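The values are calculated or read from the model by the stated rules, or taken from the named source; none is laboratory data. Quick caveat: nothing in here was measured; it's all calculated off a predicted structure. Cβ: placed from backbone, ideal geometry, glycine included. Neighbour counts: every protein chain shown.
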Amino acid sequence: MGENGFIGRRSELESLEAAYHKSGGRLVAVYGRRRIGKSAIAKKFCTGKSALVFEALEKKPTSQQIGHFTSQLKTQIDDPLLKQLQFASWQEVFGFLTEYLRRKSGKTVVFFDELPWMAVGRTGLVSLLKFYWDNHWKNLDVMLILCGSINSFMVKNVIRSKALYGRFSLEMKIDEFSPKEVHLMLGRKRSKDEALKYLMTLGGVPKYLEEVNTSRSFSQNMNEILFTKHGAMINEIDRIFYSQFKEPQNYRRIAKVLSSGPLSMDGISRKTGMSSGGGLAYYLENLELAGFIGIHAPFDRGPDSRLRKYKLVDAYLLFYFKYIEPNMRVIRDNARTDLFRTLVEPVWKPWTGIAFENMCLKNHVAISSALGFEGEVVWFGPYWERGEKGFQIDLLFRRADKVLTLCELKYSDKPLGPEIIPEVERKCQLIRVPRGFTLERAVIAPYGITAEVEKSGYFHHVMTLEDFF
């Protein structure tokens, strides 16, 4: 457990501190999906500093946003005049804030939490921020942090906007916890095997992991959180789509189709009935920006290759569409507390292979670091070929030092035996290795390989549960 209950996020805090200690004004963007811990990171960073923190209201009009901002301003600034003021526009709010900052000495952090809500989904506020930043705040030793969980708005309308383009000192996307941070959040009270299961079902989302009772087993927690009608996460899917997107049903439909496996855009179009033109491409781009899907094409094909596929990568959504949605009526109409054991565990094993592969893909940095070539990676992802010799490689790294590292990902509750060798060798024979490259073989499995396989010397790298956590 971290200081004062705060866990991990060391590199994120270090990046914020580095920006803070540079002279002059600094503009920072912090973004990431809901429940990922953005606000917690920023507030932890603000501790002990001269800071003004403003939280927006979800789905409220501009007048209420201004009123709420003003109330927060009054609680943080001791100014008799301010107590009497009511602001009618953002210009009036920022005008007062500017005069206050002008009178202050030393650096001040100004943190806008959930800027997309504050802007009511429009770009007018962003343009106004640009005016005040360019003409006032950047010259007043201010560190302005713009934070938001609607990634499409933050990326398209803030970071890439014409208004603020090129002005950011730091753009920080907050990702899920690493495996080590997940184990730390569980207080090391549960086994690494259980930590892996949480990663495969809930992902590394801090808010989800907060629901875990570390005095109970994985099975007990799954029952309580997801398989009772009042479970903390039984309705999380609605919060995901309705808070993140306009037209939430279209995004949910795409995610559900992708829960059965990766598809090309044409494949998604056929299964959803959506045109593969601009509309579907727009939805897919927003799903990728939100971190719910990944886009992959073989390393030896261009990013626009017809082999490009879209893959659902959010652990909770994958689990939801597989086990919760089909059983929702049973869950809502049943008072039993063992539904995970009765509905899921008997058919759990085949799905764990898919979930483990997904977990490994999402934690590719941890893998490349554990295998000793983190700084060499120029491309990573699954690799596949269609046609008569069709095959798929779970995870492949192309490296700057002219090495391809082929990773076989296998979820098993025991060490892998000799049968793994011909399975991997077939793929090695079929993949086209670029001229001058060496092909390395790696296996990633919770409990590694048997002594017999290890003695064969076939694999260059072996990664186990211990290496993740």
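I want to confirm something. Restricting to the range 54-77 and keeping residues that are in contact with an Asp or Glu (Cβ under 8 Å, 6 or more places away or on another chain) and buried (at least 18 other Cβ atoms within 10 Å of the Cβ), which single residue is farthest from residue 288 (Cα to Cα)?
54
Would you mind telling me which numbered condition in (1) over 30 Å from residue 406 (Cα atoms); (2) assigned to a helix (DSSP H, G or I); (3) out of contact with any Phe, Trp or Tyr (no Cβ under 6 Å at 6 or more places or on another chain) residue 274 fails?
(2)
If we only count helices (runs of 4 or more DSSP H) wholly inside the range 297-370, which ones have 2 or more residues that are within 26 Å of residue 398 (Cβ to Cβ)? Full working, then the answer.
On the way: elements: 315-319, 328-332, 348-362, 364-370.
Here the list reads 348-362, 364-370.
Kindly check whether there is at least one residue in the range 432-455 that is among the hydroxyl-bearing types (Ser, Thr, Tyr) and more than 26 Å from residue 313 (Cα to Cα). Lay out the reasoning, then the answer.
Keep residues of the range 432-455 that are among the hydroxyl-bearing types (Ser, Thr, Tyr), which gives 438, 447, 450.
Adding the requirement that they be more than 26 Å from residue 313 (Cα to Cα) leaves 438, 450.
Yes.
Among the residues of the range 151-187, how many are assigned to a loop (DSSP other than H, G, I, E, B) and within 19 Å of residue 359 (Cβ to Cβ)?
Initial filter on the range 151-187 (assigned to a loop (DSSP other than H, G, I, E, B)): 160-169, 174-178, 186-187.
Going one step further and asking which of them are within 19 Å of residue 359 (Cβ to Cβ), we end up with 174-178, 186.
Here the count works out to 6.
Every residue, every condition in (1) over 22 Å from residue 194 (Cα atoms); (2) at pLDDT 95 or above, yes or no:
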| residue | (1), (2) |
| --- | --- |
| 388 | yes, no |
| 412 | no, yes |
| 454 | yes, yes |
| 462 | no, yes |
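Could you tell me which numbered condition residue 218 fails, if it satisfies all but one of (1) at pLDDT 95 or above; (2) under 18 Å from the mean Cα position of the chain (by Cα); (3) closer than 25 Å to residue 37 by Cβ?
So the condition that residue 218 fails would be (2).
Could you tell me which of the residues 128, 97 is touching a Leu at 6+ places or on another chain (Cβ under 9 Å) and either farther than 26 Å from residue 37 by Cβ or part of a helix (DSSP H, G or I) (or both)? Explain how you work it out, then say what you get.
Working: 128 fails: touching a Leu at 6+ places or on another chain (Cβ under 9 Å).
The match here is 97.
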